[in-house]
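Novice: Sending over a structure as C-alpha cells; questions will come in a sec.
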C-alpha cells in the first residue's frame, strides 16, 4: 500500500503541489501572483482551499479516514470549486486505502465517466483494477474479482498501452490468471480425489486450454495424463484438503503439491 501511495504521488494536480509549496514557504505574494496567472480568483480560496490542503495533509500521512471526511465535506459544501476535481479523485483514493473497494470502484468509474480526457484517467483505470485485485481471496473462493481485475487491467492496456502502469498491469494480469488456473486445478483435484474422473478431466482440459502459460499448467498436464491412463493418484474423501491454501501468487506447483501432501 505504502509503495503504491508513493508511486502515484505524481498524479496529484500540479497546481495543488505548487500551492502547498507556497503555503510551506510563506510566499503569499508569489502564491497570489501564481493563482492570478492561472485564472484563479480570490473567491475560490478560503474554506475550499483549506479543506483541500487539510485533506491532502491527512492523506499524505496515512490518515485516510480524516482525509476522506475533508474531501467529502469539500465536495458537498463547494461542489463547483476549483478543488472539486481533486476532491473527487482523492475521495476514491481514500476509500481505496480504507479498503472500501466497492465505494472506490464506483467513485473511480464516476470520475472516468465525467472526466474522460483528464490526464489522471490511466491512473483511475489502474486503480479500478486494483480494487478488484485486492479482493481476490483464496483459491477455493469466488473467482469474480479475479475476472473483473483482468478485464479492468486489460481495458487499461488497450486504451493506454504506453502508460506508466504497463509493466505492473501486465504483472497483475498474470497473477490473477494464475489464481484462476489454481482455482480450476483445485476443483479438478477435488473431483479426481473423490472419484469423479470425467468431471476432473473436463476441468483439467479447460484449465490447459484457457491458461496454458499458468504456473500450475505442468502439474495439471500430469494429473490429466494419469487420469486418461487409468492411473489417477486417488486419495480418501477428505485427505486432499490442505489445512491452509497455497499462496497463488508465490508458490510453484511443486511447492503447492508438497504442502498438500504434508497435511495428509
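Novice: Does anything in the range 132-159 have its amide N under 15 Å from the 7 Å Cα→Cβ label point of residue 99, and if so which residues?
Specialist: Only 132-138 fall inside the zone, counting backbone N under 15 Å.
Novice: At a 10 Å Cβ-Cβ cut-off, how would you order 138, 169, 219, fewest neighbours first? List each step's numbers first, then the result.
Specialist: Values: 138 14, 169 24, 219 21.
Listing 138, 169, 219 from fewest to most nearby Cβ atoms yields 138, 219, 169.
Novice: Å³ per residue of the Cα convex hull, for the range 54-159? Please list the in-between numbers first.
Specialist: Values: hull volume 10.8 nm³, N = 106.
That works out to 102 Å³ per residue.
Novice: Moving on. Relative to the present Cα-Cα distance, how much length would full extension add between residue 73 and residue 166 at 0.36 nm per residue of separation?
Specialist: Extra length available between residue 73 and residue 166 comes to 30.0 nm.
Novice: Classify the range 162-227 as rounded, prolate or oblate, taking a ≥ b ≥ c as the square roots of the eigenvalues of its Cα gyration tensor: rounded when a/c is under 1.5, otherwise prolate if a/b is larger than b/c and oblate if not.
Specialist: Details: a/c = 3.73, a/b = 2.96, b/c = 1.26.
Since a/c reaches 1.5 and a/b is larger than b/c, the shape of the range 162-227 is classed as prolate.
Novice: Length gain on complete extension for the stretch residue 61 to residue 142, per 0.36 nm per residue less the alpha carbon to alpha carbon distance? Mind showing how you got there, number by number?
Specialist: Working: separation 81, 0.36 × 81 = 29.16 nm, distance 3.43 nm.
In short, 25.7 nm is gained.
Novice: Relative contact order of the range 84-131, please, whole-number percent, based on alpha carbon pairs below 8 angstrom and at least 6 residues apart.
Specialist: On the way: 36 pairs, mean separation 17.1, N = 48.
About 36 percent, as a whole number.
Novice: Calculated FRET efficiency, residue 159 and residue 53, Cβ-Cβ r, R0 30 Å, to nearest 0.05? If you can, show how the numbers build up before the last one.
Specialist: Details: r = 32 Å, r/R0 = 1.08.
E between residue 159 and residue 53, to the nearest 0.05, is 0.40.
All of the numbers you see were taken from the coordinates with simple rules; none came from a lab. All values derive from a computational prediction rather than experimental measurement. Neighbour counts run over all protein chains shown; Cβ positions are idealised from the backbone, glycine included.
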